Amino acid sequence: MRHPDLMRLGRRLRERMDETLDAEQAAALAAARRRRSFRDLLLSAEDRGDEVLITTVDGRALAGSIGGVGADHIELVTGMGRHFLSLLHVVGVEPR
């Protein structure tokens, strides 16, 4: 494994792996910041007991208060009961 060509190849592969890992970490951090900030908004609304209007990807609008916020969903309490919505399906949250 001391062959000069293998050493250069190994060095190049390590550099590319480091670049790839740096890019993946930056992308993961950016995604976490986006999720965290949206989730923080929902958690704050839950803590205050705010009434909100939630719009989903299929165009539905549901009004109620947030009963709970999970890692990937929210529980919306309306006059018609409890609704569990995936955060991936929520496109808008407005205070009422």
Checklist line | Tally, over the stretch 43-76, of residues that are under 16 Å from GLY92 (Cβ atoms), surrounded by 14 or more Cβ atoms within 10 Å (Cβ to Cβ) and without any contact (Cβ under 8 Å) to a residue 12 or more places away in the chain | finding: 0
Next item on the list: Test SER86 against the stated conditions and say whether it is in contact (Cβ under 8 Å) with a residue 12 or more places away in the chain and not aliphatic (A, V, I, L, M).
Entry: yes
Notebook entry, point to check: Could you list, in sequence order, the residues of the stretch 1-30 that are modelled with pLDDT under 85 and either surrounded by 10 or more Cβ atoms within 10 Å (Cβ to Cβ) or assigned to a helix (DSSP H, G or I) (or both)?
Noted result: PRO4, ASP5
Notebook entry, point to check: Say we look at the stretch 48-96 and pick out the residues that are outside any strand (DSSP E or B) and small (Gly, Ala, Ser); which of these is farthest from the chain's Cα centre (by Cα)?
Noted result: GLY79
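The values are calculated or read from the model by the stated rules, or taken from the named source; none is laboratory data. Just so it is clear, the structure is predicted and the values come from calculations on it, not from any experiment. Note that each Cβ is placed from the backbone with ideal geometry, even for glycine, and that neighbours are counted across all protein chains shown.
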